[in-house]
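Notes follow the structure.
The values are calculated or read from the model by the stated rules, or taken from the named source; none is laboratory data. Only a predicted model underlies this, so the values are computations on that prediction, with no experimental measurement involved. Glycine gets a Cβ as well: all are built from the backbone with ideal geometry, and neighbour counts include every protein chain shown. Heads up: the accessible areas ignore ligands, DNA and RNA and are worked out on the full protein's heavy atoms, side chains in. Shrake-Rupley method; radii C 1.70, N 1.55, O 1.52, S 1.80 Å.
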Amino acid sequence: MDQGSIAQSGPWLAIGHEIAETLARVRPSAFDSFVDAFRDKRRRWFFSGQGRSGLVAEMAAMRFMHIGRAAHFVGDATSPSIGAEDGLCVISGSGNTSISLHFGRIAKGEGAKVALITRERGSELAKLSDCVFYMPIETTRQFGGSLFEQTSLIILDAIVLELMQAIPDAHRLMLGRHTNLQ
């Protein structure tokens, strides 16, 4: 089925096709090396992004918390200060967002590890990051950075799935940490 017939049969299929095409270009070795940054169970992870990338960062922080990791979203009232043994994961399509760049510099200044998901290899954030996951986005018919945000969330979910492999009965653990206020 070509792109035109996908779009005619449903815009959700066109979006799914773009996501699948982008993720098919991800190098497994790039994914594996990015996952390695998150393997240390003792490291607290702080997640950050601006705008819709920030929403992705918030979802990622919650997923990490659900698998038993110390995770925070930068800017939450209850987030502690970042320290030398911690990590900052930034989601930034451009890799040059001034607030994200500022947070990255603060994290580096404190001795924390900086991990970045971006679509721009030569960005300022990429230059200061310890590990960079480059999202191979070529073209999109979607609005703004939608494809970047969608695929970033899927990559972060895939990292959680990979980390779950080492957790006995991870689904039960996640359900125990998920609260449902009634």
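In deg cm²/dmol and to the nearest 500, what is the mean residue ellipticity at 222 nm of the chain if only DSSP H runs of at least 4 residues count, each as -39500 (n - 2.57), divided by the residue total?
Working: 8 runs with 89 residues, N = 182.
For the chain, the value works out to -15000 deg cm²/dmol.
I need the calculated FRET efficiency for the pair Glu138 and Ser33, taking r as the beta carbon distance and R₀ as 22 Å, to the nearest 0.05. Could you put the intermediate results ahead of the total?
Working: r = 22 Å, r/R0 = 1.00.
The computed FRET efficiency comes out at 0.50.
Modelled spin-label separation between Asp40 and Ala70, with each label point placed 7 Å from Cα along the Cα-to-Cβ direction: 1.2 nm. Using a probe of 1.4 angstrom and keeping all protein chains present, the accessible surface of the chain works out to 54 square angstrom per residue.
Please list the three semi-axes, largest first and in whole Å, of the ellipsoid equivalent to the chain, using sqrt of 5 times the eigenvalues of its alpha carbon gyration tensor.
On the way: eigenvalues 149, 89, 47 Å².
Whole-Å semi-axes of the equivalent ellipsoid: 27, 21, 15.
Taking each residue as 0.36 nm, the span from Ala166 to Ser9 lengthens on full extension beyond its C-alpha to C-alpha distance by 52.5 nm. The local environment of Arg52, defined by Cβ-Cβ distances under 14 Å, has a net charge of -1 under the rule Lys, Arg +1 and Asp, Glu -1.
Shown is the FRET efficiency for Glu85 and Ala24, computed with R0 = 35 Å from the Cβ-Cβ distance and rounded to the nearest 0.05: 0.45. The calculated FRET efficiency for the pair Lys127 and Ala77, based on their C-beta separation and a Förster distance of 25 Å, comes to about 0.20.
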